[in-house]
Amino acid sequence: MQKSTRFGPFGGRYVPETLMEALLDLEKAFGRADIDVAFQRTLSTILTEYAGRPTPLTCCANTSRDLGCRVYLKREDLLHGGAHKLNNTLGQALLARYMGKSRLIAETGAGQHGVATAIAGAVLGLPVDVYMGATDIARQGLNVDRMKLLGARVIPVHSGSRTLKDAVNEALRDWVASVGDTHYVLGSVVGPHPYPLMVRTFQSVIGEETREQCLQKEGRLPDVILACVGGGSNAMGMFHRFIDDPVRLIGVEAGGEGLDTGRHGASLCAGTEGVLHGALSYLLQDAAGQIADTHSIAAGLDYPGVGPELSHLKQSGRIEVAAVTDREALDAFGYLSRNEGIIPALESSHAIAHALRIADHLGPDDIMVINLSGRGDKDVGEAAQRGGVPG
Amino acid sequence: MNRIDRWFGEHTTPAFIGFAVAGDPDPETSVRVANTLVSAGVDILELGMPFSDPVADGPTIQRAGQRALAAGTTPDEVFAVARAIRVSCEVPIVLLTYFNLVWNRGIEVFYRDARDAGIDGIPIVHMPVEESDGVREAASAAGIAPIFLVAPTTSVVRQEAIIARASGFLYLVSVLGVTGVRDRVAEETVSLIRRVRCRTGLPLAVGFGISKPGHAAACCGAGADAVIVGSAIVEIIERHLDDEDAMMDALSAYIFSMRAATGAKPG
């Protein structure tokens, strides 16, 4: 168990005093659960029999032919709920029960984490309140209805930019008042210690499986792995197992309307160091330290911060970072749908768009893995409005 | 000597600490608000530095922060407001801020600028003692009191750690939750004051949810050295946005009523 609360200089625990003891308790409980055979067996069983792990590593024949390299998709879109988020919410909900907490709260952007928390709450018998920005509620109606159907309460957030950042603010305000009986299921590798470590640990199953599957199919490790980055949970879940391997790891951020327009969500590409939601990380902010409004076609990437571990891996040069515009993501959304019969989430479409870009530099024997973090059914309406669906 | 230490050294009656967001509704009016609070009998002035993401604050102070930001209240502007207040009085000034604004300016620069603006103490909302080495060093170099919060959830072990590192006063968070007006002082508030009181000689200031004379009296009766009133003051400002003179009159009347309840004799 990691003793430090930081990754290099990043991370820490910048939280209101009221939450400190809860975070220390959480850290202890997570440390115990991490080595508790019974807990791990329960988690493993529920991931296999309920959530549908392992997810396939799909070799994409059409795309491989088109791009001139060997292209694989890690199919987190096939996980129950339609995204990688359930790996983390099942882990945290089990942990909440392990700690004797009787209620779950969560924030959500695209709605995938909210849905995944609602699913975990339903199956494990814990009531769930989900905070969601009013702007995101308007553009992710399907997921709002799914959460309600799953028995969760969806609480609209009207403050600030009415997106993911504000949903986190409101969830934190709830938690400060309810910390005695409530566990905050944070959805990404952000926030105060131990969240970045804990969420990465629960998501690491993605990279573990990918590594094994690639060795089995190809007899060697991939050359390049791409994942989209909002807060960074699917990216860290994928990258973690490959950190010590000679594999190019590329995090792809929301370029929005272009990095030069200021309307984007690319904290690793264009941010500076700062403290938001409990941790020091790269951050989009103005000269005085006020947090910037962000923009992305993908609600799940529309966030001004990014995980501390990703910040560290970027600073140390271990990972590459790139940004993809709304337009390019929308094109990739259509490309994968047509070519492979798989509709990707707009978030994951960012990783695909960058894969299309870098394929020119790869040879026929090079292996490229793209983490397909979620399915795109939730985005079809939004894509159609923006001309991303053929007429 | 720091003005906060001097105030508590010279007074045996409890302090009334009044809070307003610097720059609410705009920097110029906010100086007038502060001067009104001081003339009406606030013993220690607490200014909030507006931040885009005020996670510790309830709706009332969130709206005040938005008004201040909309009026162009940068940290530079907040220091200018403090300097303008300092011109006419020696009241201790405490600056409540969020850590990103400190970090972004550079921790040492922030504390130096705060000292030059006449600020005496700085509590940072998201700054548990565990992360505070840098700010305590900068605070000490600038002669500013690093003020820490103690919550009802704070364990005895961490209370001791906080007490060992704090100066000026301890900011007791009276209830679990964000800032905002509440009906009554909770039993947990009284019990928190008693628990901390027996561990330290540092002055204890109770905040979050204190708005009525009865609250102040209950806290002081339990052993608090000060009460901090924020949202109730900010609500008065908000109710009189269209009439500045009425705003000042209402603030004065409210401070008089609260001050009587802390047991302090009018200055």
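Take segment A:289-302 and flag every residue that is open to solvent by 10 Å² or more (accessible area, probe 1.4 Å), farther than 10 Å from A:S161 by Cβ and touching a residue at least 24 places away in the same chain (Cβ under 8 Å).
Within segment A:289-302, just A:G300 meets the criteria.
Residues that are more than 11 Å from chain A (Cβ to nearest Cβ) and touching a residue at least 40 places away in the same chain (Cβ under 8 Å): list the helices (runs of 4 or more DSSP H) wholly contained in segment B:45-136 that include at least 2 such residues.
In segment B:45-136, the matching helices (runs of 4 or more DSSP H) lie at B:59-70, B:75-86.
Checking the conditions here, which among A:F30, A:F39 is over 30 Å from B:A56 (Cα atoms) and part of a helix (DSSP H, G or I)?
Criteria check complete, one pass: A:F39.
Just to verify a result, which residue in segment A:30-51, among those that are open to solvent by less than 40 Å² (accessible area, probe 1.4 Å) and among the aromatic types (F, W, Y), is farthest from the other protein chains (Cβ to nearest Cβ)?
Top of the filtered list is A:F39.
From the set of residues in segment A:178-204 that are touching a helix residue (DSSP H, G or I) at 6+ places or on another chain (Cβ under 7 Å) and aromatic (F, W, Y), which is surrounded by the most Cβ atoms within 10 Å (Cβ to Cβ)?
Only one residue tops the list, namely A:Y184.
In segment B:12-35, what count of residues is obtained for those that are surrounded by fewer than 20 Cβ atoms within 10 Å (Cβ to Cβ) and modelled with pLDDT of 95 or more?
Here the count works out to 6.
Given the conditions (1) away from every other protein chain (no Cβ under 14 Å); (2) open to solvent by less than 10 Å² (accessible area, probe 1.4 Å); (3) in contact (Cβ under 8 Å) with a residue 40 or more places away in the chain, which single one is not true for A:P54?
Of the numbered conditions (1) away from every other protein chain (no Cβ under 14 Å); (2) open to solvent by less than 10 Å² (accessible area, probe 1.4 Å); (3) in contact (Cβ under 8 Å) with a residue 40 or more places away in the chain, the odd one out for A:P54 is (2).
Please determine, by comparing only the residues of segment B:239-264 that are closer than 25 Å to B:T189 by Cβ and not hydrophobic (A, V, I, L, M, F, W, C), which one is modelled with the lowest pLDDT.
Here the residue is B:G263.
Given A:H183, A:H193, which one is in contact (Cβ under 8 Å) with a residue 12 or more places away in the chain and within 14 Å of chain B (Cβ to nearest Cβ)?
Of A:H183, A:H193, the one residue that is in contact (Cβ under 8 Å) with a residue 12 or more places away in the chain and within 14 Å of chain B (Cβ to nearest Cβ) is A:H193.
List the number of the failed condition for A:G207; all other conditions in (1) buried (at least 17 other Cβ atoms within 10 Å of the Cβ); (2) free of Cβ contacts under 8 Å to residues at least 40 places away in the same chain; (3) part of a loop (DSSP other than H, G, I, E, B) hold.
Of everything listed in (1) buried (at least 17 other Cβ atoms within 10 Å of the Cβ); (2) free of Cβ contacts under 8 Å to residues at least 40 places away in the same chain; (3) part of a loop (DSSP other than H, G, I, E, B), A:G207 misses just condition (3).
Among the residues of segment A:4-29, which ones are open to solvent by 40 Å² or more (accessible area, probe 1.4 Å) and touching a Gly at 6+ places or on another chain (Cβ under 9 Å)?
A:S4, A:R6
Taking segment A:247-274, which residues are away from chain B (no Cβ under 14 Å), buried (at least 24 other Cβ atoms within 10 Å of the Cβ) and outside any strand (DSSP E or B)?
Selection gives A:H264, A:G265, A:A266, A:L268.
The values are calculated or read from the model by the stated rules, or taken from the named source; none is laboratory data. Bear in mind the structure is a predicted one, so any value in this text is a computation, not a measurement. Glycine also receives a Cβ, built like all others from the backbone with ideal geometry; neighbour counts cover every protein chain displayed. Heavy atoms of the whole protein, side chains included, go into the accessibility calculation; ligands, DNA and RNA do not. Shrake-Rupley method; radii C 1.70, N 1.55, O 1.52, S 1.80 Å.
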